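**Q** Below is the structure I would like to discuss, written out as structure tokens.
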Amino acid sequence: MARYGMALDYKSCINCRACESACKAENGVLPGRDNYRIWVGQKEIEGQFPKLSISSLTYQPSQCQHCDNAPCQQVCPTNATYYDENGVVRVNPEQCILCTYCINACPYDARYIDDRTVTVDKCNFCSDTRLANGETTTACQATCPTKVRTFGDLDDPNSDISKLLEKREYKQIKEHLGTKPKLFYLL
Amino acid sequence: MNLSIKNLITFKKTPLNLLVAVIGALLLAAFVAGAVMYFLHGHHAFNVTRQHPWGLLIAMYVFFVVSSTGLCIISSIGHVFGVKEFQQIGKRAIAGAIITILSGFAVIALEIGHPITMLIYNVLTPGLTSAIWWMGTLYGIYLCFILLEFFFLTIKVDHKWSKIFGIGGLLAGLAAHSNLGAVFGFLISRPTANGVFYPVYFILSAMITGCYLIYIIYGFKYRNNYPDHLKAMFLKLNKILGMLLGILIFFEAWKILTALYGTMPERAETIMYAVTSPNFLIGELLLGMLIPFFIILFTNGQAIKPMVYASLTGMIGIFFMRYDLVHDTLVYPMTMLKRSEYQLPPTLLHYFPSPTEMMIGFGGIGITILGLYVAEKVFNLDPDPEH
């Protein structure tokens with residue numbers, strides 16, 4: 001039993017989006033405008049040309065926040081969305097009725113419809129693909145050239161992520177909603 | 001009951017009857033065509049997206065079940081609460097409630113991706129924290145109750161049992177419908193929808209919809225030329241409707257003011273967008289509320305014939321209320337960061353229904369028209385002699 005989370009040293013992100021490609025390749029995400037499990041958000045650059053603030057241009061890699069108190073799980077009428085034994089928020093395609101209530105309820109825009117199963121899909125920290133095969137990293141983490149992502153067990157005090165969160169300050173997205181997200185943006 | 005085919009296909013060929021027949025047939029054909037498009041292309045036939053996952057079909061589902069609940073509530077004034085003037089509308093109103101909810105189910109069956117899976121896993125692994133689970137389950141119970149109520153009102157007349165099932169249907173309908181409001185009210189991610197407003201507003205607007213539909217159904221049946229016993233009912237209905245519209249306008253005004261006050265991020269911007277859109281100003285406000293309200297107000301509640309026409313504009317307004325409910329809830333994107341270098345910064349989302357969505361959604365009205373016609377032909381929906 002673990003409690004997986006991810007820390008993101010987002011200021012190191014160079015927007016190469018290798019993570020997006022790795023995620024799609026690893027998890028077989030189909031092409032299409034709305035089909036993505038993870039993405040890199042880009043803040044608008046501040047100032048007027050030619051006085052543009054280069055330092056204001058930051059990137060924010062994002063995905064499912066694997067909330068401890070996930071609104072998508074609460075609203076699911078058939079419990080198709082569930083927490084697995086590692087605290088990862090996942091979808092059972094057998095039980096999903098595609099009412100898309102969870103897509104409406106997610107504050108992070110982390111869900112989409114997978115045309116292979118015609119059910120709702122989302123990031124599952126590569127549980128089916130890598131973790132099931134004994135790997136200890138996610139595809140997005142393994143491929144990142146600037147080591148933005150650190151994935152691991154939040155309940156293990158000796159894990160890299162626990163040590164990182166001990167010594168670095170971090171922020172979380174929309175935490176005022178009480179979702180208790182498990183993605184931590186290092187400051 | 002009269003189930004003969006000859007009885008079903010013969011009707012007076014008046015211009016109004018023919019017009020409604022043609023509109024009904026076209027809408028039914030549209031529904032079938034839309035269903036075929038959906039079976040061929042799935043959700044790709046709809047203009048819904050990841051950011052705006054619900055659209056016209058959810059709005060039309062809400063529209064139909066609001067109509068059903070409304071008719072059930074208004075009919076209960078007579079045969080549950082015993083107000084004499086309303087007892088005569090009981091059978092027709094309950095028939096309308098059954099038909100409109102079935103129309104709603106037909107529409108939502110083509111929006112839910114896996115309706116059969118839903119029937120199985122709603123029972124096997126119920127999501128008890130989900131407002132959709134409660135809404136769906138309670139509407140199932142509600143449908144059973146009003147079917148039994150109708151059975152004991154028309155087929156095997158027994159007023160004791162019809163009243164028992166009437167009370168059950170009313171309570172299940174109120175619970176189901178407020179849960180439908182909670183489907184939106186529970187969305188913590190959507191500040192404009194989150195809160196107590198929608199569960200209460202849904203019941204209020206259902207009662208208003210029920211009044212409008214009683215006017216339209218009886219206006220069509222009697223060609224706006226009513227016997228005295230119906231006039232007495234309509235005069236009371238006017239008073240009820242006027243009061244309900246007054247409360248609705250009051251509620252809406254405070255909802256808007258509290259949402260705009262202090263310009264809270266996301267909420268104020270969304271509501272400002274909503275209340276300045278023609279959908280709200282012309283659809284909801286003018287057609288849905290002000291025209292019927294002012295007719296009742298300025299005629300001191302005595303106008304009956306004009307209210308039939310006002311109810312038609314009212315139902316158009318009710319449609320816009322349902323449409324805006326869905327669209328305004330989802331219009332603010334959940335992430336405001338752009339995902340590509342060559343993209344404009346995200347703004348409020350755009351949504352307009354696809355032809356398939358319109359065919360299925362508006363086609364559902366064809367099912368209602370057909371259902372009301374068949375019910376009128378097969379059953380005796382007029383009051384029993386002792387009423």
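**Q** Would you be able to tell me the number of residues in the range A:118-147 that are over 13 Å from the mean Cα position of the chain (by Cα), in a loop (DSSP other than H, G, I, E, B) and more than 10 Å from chain B (Cβ to nearest Cβ)?
**A** Residues flagged as over 13 Å from the mean Cα position of the chain (by Cα), in a loop (DSSP other than H, G, I, E, B) and more than 10 Å from chain B (Cβ to nearest Cβ) within the range A:118-147 amount to 11.
**Q** Please work out which one of (1) open to solvent by less than 10 Å² (accessible area, probe 1.4 Å); (2) more than 30 Å from residue B:353 (Cα to Cα); (3) not basic (Lys, Arg) is the condition residue B:246 fails and give its number.
**A** Result: residue B:246 fails condition (1) only.
**Q** For the range B:102-112, what are the residues that are in contact with a Leu (Cβ under 6 Å, 6 or more places away or on another chain) and assigned to a helix (DSSP H, G or I)?
**A** Within the range B:102-112, just B:107 meets the criteria.
**Q** Could I ask something else about it? If the requirement is being in contact (Cβ under 8 Å) with a residue 24 or more places away in the chain and open to solvent by 40 Å² or more (accessible area, probe 1.4 Å), which of these qualifies: B:88, B:51?
**A** Exactly one of B:88, B:51 is in contact (Cβ under 8 Å) with a residue 24 or more places away in the chain and open to solvent by 40 Å² or more (accessible area, probe 1.4 Å), namely B:51.
**Q** If you don't mind, another one. Please identify the pairs in which a residue from the range A:74-98 that is more than 9 Å from every other protein chain (Cβ to nearest Cβ) and at positive phi has its Cβ atom under 9 Å from the Cβ atom of a residue that is among the aliphatic types (A, V, I, L, M) and in a loop (DSSP other than H, G, I, E, B), counting only partners at least 6 apart or on another chain.
**A** Within 9 Å, the pairs are A:87/A:1; A:87/A:2; A:87/A:154.
**Q** Right, something else. Can you name the number of the only condition in (1) in contact with a helix residue (DSSP H, G or I) (Cβ under 8 Å, 6 or more places away or on another chain); (2) surrounded by fewer than 20 Cβ atoms within 10 Å (Cβ to Cβ) that residue B:5 fails?
**A** Among (1) in contact with a helix residue (DSSP H, G or I) (Cβ under 8 Å, 6 or more places away or on another chain); (2) surrounded by fewer than 20 Cβ atoms within 10 Å (Cβ to Cβ), the lone unmet condition for residue B:5 is (1).
**Q** Continuing with this model, one more query. Taking residue B:232 and the conditions (1) over 30 Å from residue B:90 (Cβ atoms); (2) modelled with pLDDT of 90 or more, which numbered condition does it fall short on, given that it satisfies the others?
**A** (1)
**Q** Follow-up. Suppose we filter the range B:123-149 for residues that are within 12 Å of another protein chain (Cβ to nearest Cβ), in a helix (DSSP H, G or I) and surrounded by fewer than 19 Cβ atoms within 10 Å (Cβ to Cβ); how many remain?
**A** The number of residues fulfilling the criteria is 2.
**Q** To continue, here is another question. Quick one: how many residues across the range B:322-342 are buried (at least 20 other Cβ atoms within 10 Å of the Cβ), of a type in the set (Ser, Thr, Tyr) and either within 12 Å of chain A (Cβ to nearest Cβ) or part of a loop (DSSP other than H, G, I, E, B) (or both)?
**A** 2
**Q** Please state which one of B:319, B:298, B:352, B:293 is out of contact with any strand residue (DSSP E or B) (no Cβ under 9 Å at 6 or more places or on another chain), open to solvent by 50 Å² or more (accessible area, probe 1.4 Å), among the aromatic types (Phe, Trp, Tyr) and modelled with pLDDT of 95 or more.
**A** The conditions single out B:352.
**Q** If you check every pair at least six apart or on different chains, which have Cβ atoms under 8 Å apart with a residue in the range B:178-192 that is more than 10 Å from chain A (Cβ to nearest Cβ) first and a residue that is aromatic (Phe, Trp, Tyr) and not in a helix (DSSP H, G or I) second?
**A** Close Cβ pairs satisfying both conditions: B:192/B:332.
**Q** If you don't mind, there's one more thing I want to ask. Looking at B:306, B:346 in this structure, which one is assigned to a helix (DSSP H, G or I), farther than 29 Å from residue B:35 by Cα and touching a Ser or Thr at 6+ places or on another chain (Cβ under 8 Å)?
**A** Step by step, each of B:306, B:346 is checked, and only B:306 is assigned to a helix (DSSP H, G or I), farther than 29 Å from residue B:35 by Cα and touching a Ser or Thr at 6+ places or on another chain (Cβ under 8 Å).
The values are calculated or read from the model by the stated rules, or taken from the named source; none is laboratory data. This is a predicted model, so every value here is computed, not measured. Don't worry about glycine lacking a Cβ; one is built from the backbone with ideal geometry, like all the others, and counts go over all protein chains shown. These accessible areas exclude ligands, DNA and RNA; they are computed on the full protein's heavy atoms, side chains included. Shrake-Rupley method; radii C 1.70, N 1.55, O 1.52, S 1.80 Å.
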